[in-house]
Every structure is written in C-alpha cells, then in structure tokens.
Amino acid sequence: MTADPHAPVSNPHSLFRRKPIGQTPPPEQQLSRSIGTFQLTMFGVGATVGTGIFFVLSSAVPEAGPAVVVSFLLAGVAAGLAAICYAEMASSVPVSGSTYSYAYATLGEIVAMGVAACLLLEYGVSTAAVAVGWSGYLNEALANLTGIELPHAILAAPWDAEPGVVNLPAVVLVGLCALLLIRGASESAKVNAVMVIIKLAVLGMFSIIAFTAFDSDNFADFAPFGAAGIATAAGTIFFSFIGLDAVSTAGDEVKDPQKTMPRALIAALLTVIAIYLLVAFSAIGAQPWQDFEGQTEAGLSRILEIVTGNNIWGTVLAIGAVISIFSVTLVTMYGQTRILFAMGRDGMLPKVFAKVSPRTHTPTNNTIIVAIIVAILAAIVPLDYLVDVVSIGTLTAFIVVSVGVLILRYREPDLPRGFKVPGFPVTPVLSILACGYILISLHWYTWLIFLLWVAVFIVFYLVYGRRHSALRPGLRDGSDEGADE
C-alpha cells in the first residue's frame with residue numbers, strides 16, 4: 001500500500017512533515033466565506049498601490065534616476081511571474097496563511113516556519129512603514145485646508161533625520177484599522193473597495209496634471225547609476241508588491257476560492273503595474289529626478305503644487321492619499337492577522353492565535369496583538385530603515401511560491417487546480433531567477449537583519465512549534481503513520 005505523501009511522518013521530531021492538502025479544520029476554527037472576486041481584487045490593489053507610488057519614489061528615483069521606470073517594470077515583471085505562480089498555488093491550496101500554508105503543504109514544517117518569519121516581518125514592517133508615510137500626507141492636507149501644521153514632535157520618530165518624539169498620526173491610523181478589522185472581514189472589504197476607487201481616481205488626476213508639464217529633457221541622463229542602480233531601485237520598489245501576497249491570505253474567507261483567487265491575483269497585478277508605470281513616467285516628466293531626493297513627505301502633492309502654481313490640486317491629492325493609504329494599512333494588517341491565525345490553527349503558535357470571535361467570525365485577538373506591535377514600530381522607527389527589510393521578505397516569499405508550484409506539479413499532478421501556470425516549468429523558474437536577481441542587489445545590513453529574524457523564528461519552532469504541531473503523531477485522526485520523503 002502506497003503511503004500518503006502528505007501524511008505526517010511517524011517520527012515526532014521530523015522537521016519536514018507536511019500538512020495534508022484539503023484538511024478541514026474544526027468548526028470553531030473556521031472563518032466565514034464572504035469575499036467575492038471584485039472585493040478580493042481591491043484587496044490586492046489596495047495593499048499595493050499606495051506604498052509604491054505615494055512615497056517610495058523619493059527612495060527609488062535617487063537610486064536609479066529616470067531609469068526608475070525600468071526598475072518599476074523589472075519589479076513588475078518579477079512580481080508578475082510570481083503572481084502567476086501564486087494564482088496556481090492559491091487555486092490548489094485555497095486556505096488562509098498565504099506562502100506559509102503553501103510551504104507547509106510542499107516543503108515541510110520547518111521551511112514553513114522560516115517562510116512565516118519572512119511574512120510576519122514583511123507585513124508588520126510594511127504596515128508600520130505605510131503608517132509613517134501616511135503622517136506626511138495628513139499633515140499636508142491639514143496645512144492646506146486649515147493652515148495648521150501638526151508639531152514636528154508628533155510627526156517623527158526619535159531616531160529620524162530630524163528627530164521627533166513619537167509619530168502619533170501613524171499610531172492613530174493603526175488603531176482605526178484595527179477597529180474596522182474587528183468589526184468583520186466583509187465590512188473591511190467593502191470599505192477597502194471604496195477607498196481603492198478613490199485612490200485610483202486621485203492617481204489618474206495626478207498623471208493628467210503632471211503630463212501638462214512634461215519635459216523630455218528630464219529623461220536625458222536616463223540611467224546615471226547604470227544597471228546596478230536600476231536593480232537596487234527595483235529591490236526598493238518590490239516593497240510595494242506585498243499586496244499580491246495579501247490576496248492569498250484570504251483563502252478561508254473567499255467564495256469559490258479555486259476560481260476567485262486566481263482571477264483576483266491577475267486582475268490586481270495588471271491594475272497595479274499599469275498605475276505604477278503611468279504615475280512614475282508622468283512624475284519624472286514633470287520634475288527633474290534630482291529633486292526627488294528628500295521628498296519623503298507628500299512628494300506627489302508637492303509636484304502638483306510646482307506644476308500648477310497653487311496648492312489646490314496638491315491638497316486634493318493629499319486628501320486622496322490620506323484616504324487611500326488607509327486601505328494599504330487595513331489590508332496588510334488583515335494579512336498578518338490571517339497568517340497568525342493559520343499558524344495558531346496548526347499549533348505553531350499558542351492557541352490564542354487560532355481563536356475566532358463567535359460574533360464577527362474574525363480572529364480578534366490577532367488584530368489586537370498586531371495593532372499594538374505595529375503601532376510601536378510606526379511610532380518610533382524611521383521609514384528609511386524599514387523599506388528594504390520588507391523587500392527581502394516579499395522576494396523570499398515569492399521564490400518559495402514558485403518552488404512550491406514546481407514541487408506540487410510533480411508530486412501531485414492530478415490535484416484539482418482552478419488555474420495552471422502557462423509555460424510550465426519555464427515560468428516558475430524565471431520567477432525564481434528574477435526574484436533572486438533583485439535579492440542579491442539588496443544591502444548587506446538588510447540581509448543581516450533578515451537572517452537574524454529568521455534564526456529567531458527557527459529557534460522558536462525547535463523549542464515550541466514542533467512540540468505543539470497539529471501534525472504530531474496521535475493528533476491527526478489517531479493516525480501516526482505516514483511517509484517521510
């Protein structure tokens with residue numbers, strides 16, 4: 001008799017036991033399926049557009065010059081290859097937990113914990129980074145509307161270039177998102193969809209106005225820092241593509257996930273790339289690339305003020321950014337709570353992370369815990385220290401998904417799939433190579449922070465996770481037997 005390749009191994013200390021695909025959790029650990037294709041697409045767009053465009057240009061343009069347009073395209077191609085792999089994996093393993101759950105089903109338990117470290121780092125840090133950037137737009141909008149500027153002491157972290165005391169608006173934003181998430185996933189998805197539509201309309205307005213001041217001379221010195229600068233900027237920009245992963249965290253709350261998730265992933269990807277290229281091209285056409293450095297606060301608003309000679313359109317953009325960046329924070333917080341939920345359900349974290357509110361059918365405990373940690377990060381850590389750390393986690397997660405597609409195709413060729421990667425096996429291999437190329441361009445200290453963080457998680461797994469795993473012998477239908485591949 002052939003052993004089930006996904007069954008847990010008989011050795012209780014096996015590091016590579018895999019979670020069976022299609023395993024149904026108990027009713028008290030199930031979430032309500034209430035999210036449709038459009039709302040899920042808006043999750044992806046909402047988590048992505050905002051982080052990359054509203055303030056990362058100030059970091060990426062000085063690294064690549066006008067060639068940052070190529071950097072956006074490079075990051076978009078790499079993300080696109082990964083998104084196609086995500087689409088197949090999401091249709092094959094339609095559960096919450098994103099890459100963590102995919103790694104658990106294909107590569108084994110200890111690998112899944114390493115991936116979880118990447119995901120929690122990228123979601124936690126990106127949420128904090130976006131909240132920090134939101135403060136600048138809030139201050140811009142208030143100043144233009146009322147003439148009152150918030151004190152610098154409550155707008156900057158203690159270790160920022162211009163030190164403050166605490167970034168209070170960032171903390172308030174995290175608190176508001178937490179309250180909305182506690183109310184329920186369906187309510188959060190509806191509010192997010194409205195905010196995303198506002199966001200796209202505002203960015204469309206920016207591009208139209210910026211093109212009225214388009215100067216081709218701004219592209220004359222196209223790649224002042226060569227291919228290395230383009231790759232470095234692409235790594236920075238990749239920070240923004242976390243939204244594509246956020247779609248896959250909703251597996252337990254999506255209607256007809258095997259069809260809905262691939263459609264939402266592809267639709268979100270195409271929307272995001274189109275918006276990024278349009279805004280980046282129009283922004284550089286309207287302003288010399290040297291002027292982007294230092295525009296960390298409300299950069300796009302300042303471009304409109306320069307182009308039009310008044311602050312009316314800049315104020316509109318700032319208000320739009322205040323509303324729309326809210327959606328980025330909302331979705332990335334949502335994603336992190338669902339990853340923690342999947343880990344708690346698997347026994348990798350204490351059971352408090354797997355508890356579901358009987359009233360709202362959401363993991364309320366997770367939302368509160370995430371909100372507290374992210375608020376502390378946003379309050380005291382400068383944005384510049386956060387961006388690249390997110391990129392390395394995102395890229396690692398994308399590589400794991402691509403590897404998972406290769407493994408699952410060969411290990412489970414007859415597994416029902418709502419979507420299949422075209423050009424297999426070339427596409428997932430190209431995804432791995434593209435993400436790997438961007439990875440090696442990141443700064444050494446980013447790698448150091450990343451490796452230390454993953455090491456902490458692996459130690460936690462060895463001490464706690466493997467001893468409490470839901471797959472340890474005797475816990476799964478009374479069966480201890482399986483295959484160790």
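Laboratory data are not the source of any read-out in this text; all were calculated from the coordinates shown. Please read these numbers as outputs of a predicted model, since none were measured by experiment. As a convention, Cβ positions derive from the backbone with ideal geometry for all residues, glycine included, and neighbour counts pool all protein chains shown.
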Roughly what would the spin-label model give for Asp217 and Ile198, points 7 Å off Cα along C-beta, in nm? 3.9 nm
Would you mind counting up the charge near Ala103? Only other residues with Cβ under 10 Å from its Cβ, with Lys and Arg at +1 and Asp and Glu at -1. +1
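What does the extension gain come out to for Leu451 and Glu187, with contour length at 0.36 nm per residue minus their alpha carbon separation?
Result: 91.3 nm gained on full extension.
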Mind ranking 77-88, 415-426, 188-199, 397-408 by how tightly packed they are, going by the mean number of other C-beta atoms within 10 angstrom, highest first? 77-88, 397-408, 188-199, 415-426
Hey, what number do you get for the chain at 222 nm if only DSSP H runs of n ≥ 4 count, each worth -39500 (n - 2.57), divided across all residues, to the nearest 500? -21000 deg cm²/dmol
Relative contact order as a percentage, the chain, C-alpha pairs under 8 Å and 6+ apart, gives 34 percent
Along region 204-212, Karplus-curve 3J(HN,Hα) (6.51, -1.76, 1.60; θ = phi - 60°) to the nearest Hz, with x for Gly and Pro, reads x, 4, 4, 4, 4, 5, 4, 5, 5
Ranked from highest to lowest mean number of other Cβ atoms within 10 Å per residue, what is the order of the peptides 206-217, 132-143? 132-143, 206-217
Cross-chain or 8 or more residues apart, Cα under 23 Å: how many lysine pairs in region 27-468 fit that? Count them up, please. 6
Calculate one ³J(HN,Hα) per residue across region 431-439 by plugging θ = phi - 60° into the Karplus curve 6.51 cos²θ - 1.76 cosθ + 1.60, and present them in order as whole Hz with x for glycine and proline. 4, 4, 5, 5, 5, x, 4, 5, 4
³J(HN,Hα) computed for each position of region 14-26 - Karplus, 6.51 cos²θ - 1.76 cosθ + 1.60, integer Hz, glycine/proline x: 4, 8, 10, 5, 10, 7, x, 6, x, 5, 8, x, x
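State the Kirkwood hydrodynamic radius of the chain in Å, one decimal place, computed from all pairs of distinct Cα atoms. Walk me through the numbers before you get to the answer.
Working: mean 1/r = 0.0444 Å⁻¹.
Radius from the Kirkwood sum: 22.5 Å.
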